[in-house]
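What follows is one structure encoded as structure tokens, with my remarks underneath.
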Amino acid sequence: MAEDRPESLNPLEASSQPDEDLVATLPTREGWSTPLTLYDNCWLRSHMVGKLMLVRENFKPRPDDIILATHPKCGTTWLKSLAFTISSRSRHTFADHPLLTTNPQHVVPFIGVAGTGGDLDHLDALPSPRLLSTHLPLSLLPPAIATVGCRVVYICREPKDAFVSRWHFDNKIGTGAPISLEDAFDLFCQGCTPFGPFWDHYLQYWKESLARPHEVMFLRYEEIVSDPLKVVRALACFLGVPFTEEEEKSGLAEQIVGFCSFESLRNLNANKAAAGIERAGGKIFLEASSLFRKGKVGDWVNHMSKDMGEKMDRLVEDKFKPSGLEF
Ligand code: A3P
């Protein structure tokens with residue numbers, strides 16, 4: 001996978017450079033695989049704050065953009081695979097498909113993250129329509145996202161499973177001492193995780209999806225697991241490329257579900273450990289295989305105590321009940 005690289009410098013645009021003085025004043029916490037810094041109520045990996053804080057001012061959304069917005073460990077890899085395969089199906093057959101040789105994270109760039117092809121200058125140069133992704137909360141994206149008419153697909157996940165996935169992942173990508181489940185749980189419940197607090201993240205997109213249902217599609221990992229075909233059809237409609245009668249007759253929607261399934265993607269060479277590592281600024285070491293662990297609903301019971309489960313359920317009820325969002 002590609003190595004993170006410096007974004008191009010443009011001396012004419014002062015605001016396209018991170019304000020390092022400001023970054024140095026922000027609160028920082030240790031515990032996860034890298035330190036996290038709190039910027040505008042969102043915990044970001046400290047080595048990425050400078051670049052990510054530029055996105056709100058400098059990313060220029062277009063009316064025909066499609067943005068896959070996800071909370072980490074909630075199904076980003078899966079959603080990228082599905083949305084990419086659905087929207088590019090006129091260009092690729094399953095025999096010559098980019099996902100056969102490329103990790104799904106790399107077929108859809110992360111806005112503002114250079115190592116994934118998401119450096120802002122590069123995004124400006126991409127032809128429309130663009131399929132993009134982000135882990136940023138809505139509050140750190142340009143307000144124009146809500147007015148230019150671009151579409152957003154959001155995915156979240158039952159928080160106990162998202163937490164267990166986060167804990168495993170962080171211990172795989174980190175280079176220092178592993179974080180214990182208990183310490184990770186405390187941080188998670190305080191909202192201190194990459195792109196957290198998770199409740200603010202989920203709620204911002206939830207409320208936006210209620211306000212603008214035709215432009216913001218809200219998904220849960222669990223609903224794709226329970227009926228992937230239904231979600232794939234809904235996603236195709238939402239992306240503006242519904243399956244034709246002929247495609248339905250040929251079983252294309254079912255084939256996409258199978259092609260993007262956990263088993264199918266995990267077994268590709270591009271997604272095995274040997275496929276390489278991504279050195280995000282030398283801070284984390286991400287093997288392609290780390291993105292494919294178990295892919296199950298309810299795995300939290302195999303790791304968290306009953307007390308932890310109950311504590312998290314109370315937190316979730318407290319945070320989400322007034323909004324109507326349930327898990
Ligand atoms: P687990 O750790 O519970 O197995 P993200 O892509 O946002 O980082 O989320 C990672 C989670 O999605 C991991 O969950 C991973 O195994 C799961 N996952 C990745 N690809 C998947 C797929 N094609 N189908 C179902 N789950 C998938």
Checklist entry - Just to be sure, is residue 184 closer than 30 Å to residue 50 by Cβ, in contact with a Lys or Arg (Cβ under 9 Å, 6 or more places away or on another chain), at pLDDT 95 or above and not in a loop (DSSP other than H, G, I, E, B)? => result yes
Checklist entry - Going through the range 34-47 one residue at a time, which ones are surrounded by fewer than 21 Cβ atoms within 10 Å (Cβ to Cβ) and at negative phi? => result 35, 38, 39, 45, 46, 47
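Residue-by-condition table, conditions (1) part of a helix (DSSP H, G or I); (2) of a type in the set (Gly, Ala, Ser):
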site	(1), (2)
194	no, no
206	yes, no
209	yes, yes
218	no, no
223	yes, no
247	yes, no
263	yes, no
Checklist entry - What pairs can you find where one residue is in the range 308-327 and β-branched (Val, Ile, Thr), the other is surrounded by 17 or more Cβ atoms within 10 Å (Cβ to Cβ) and part of a helix (DSSP H, G or I), and their Cβ atoms are less than 7 Å apart, with a gap of 6+ or different chains? => result 316/159
Checklist entry - Do we have residue 205 as under 17 Å from residue 134 (Cα atoms) and in contact with a Gly (Cβ under 9 Å, 6 or more places away or on another chain) here? => result no
Item to check | Residues that are on the phi < 0 side of the Ramachandran plot, touching a residue at least 60 places away in the same chain (Cβ under 8 Å) and either surrounded by fewer than 23 Cβ atoms within 10 Å (Cβ to Cβ) or assigned to a loop (DSSP other than H, G, I, E, B) (or both), drawn from the range 87-113 | outcome: 87, 89, 94, 97, 100, 101, 102, 103, 105, 106, 113
Checklist entry - Within the group 148, 164, which residue is in a helix (DSSP H, G or I), out of contact with any strand residue (DSSP E or B) (no Cβ under 8 Å at 6 or more places or on another chain) and among the hydrophobic types (A, V, I, L, M, F, W, C)? => result 164
Checklist outcome for this item: All-but-one check, residue 171 against (1) modelled with pLDDT under 95; (2) among the polar types (S, T, N, Q); (3) under 15 Å from the mean Cα position of the chain (by Cα), failing number (3)
Checklist entry - Hey, any hits in the range 58-66 for a residue that's buried (at least 22 other Cβ atoms within 10 Å of the Cβ), in contact (Cβ under 8 Å) with a residue 12 or more places away in the chain, of a type in the set (A, V, I, L, M, F, W, C) and within 15 Å of the ligand (Cβ to nearest atom)? => result no
Checklist entry - Name the residues in the range 138-189 that are out of contact with any helix residue (DSSP H, G or I) (no Cβ under 8 Å at 6 or more places or on another chain) and hydrophobic (A, V, I, L, M, F, W, C), would you? => result 144, 148, 150, 177, 187
Checklist entry - Hey, residue 85 hits all of (1) within 14 Å of the ligand (Cβ to nearest atom); (2) at pLDDT below 95 but one; which does it fall short on? => result (2)
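A quick yes/no check of all residues on (1) more than 11 Å from the ligand (Cβ to nearest atom); (2) modelled with pLDDT of 95 or more; (3) in a helix (DSSP H, G or I):
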{"residue": "44", "(1), (2), (3)": "yes, yes, no"}
{"residue": "47", "(1), (2), (3)": "yes, no, yes"}
{"residue": "50", "(1), (2), (3)": "yes, no, yes"}
{"residue": "56", "(1), (2), (3)": "yes, yes, yes"}
{"residue": "69", "(1), (2), (3)": "yes, yes, no"}
{"residue": "80", "(1), (2), (3)": "no, yes, yes"}
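The values are calculated or read from the model by the stated rules, or taken from the named source; none is laboratory data. Since we're looking at a predicted model, the values are computed, not measured. We place every Cβ from the backbone using ideal geometry, glycine too, and count neighbours over all the protein chains shown.
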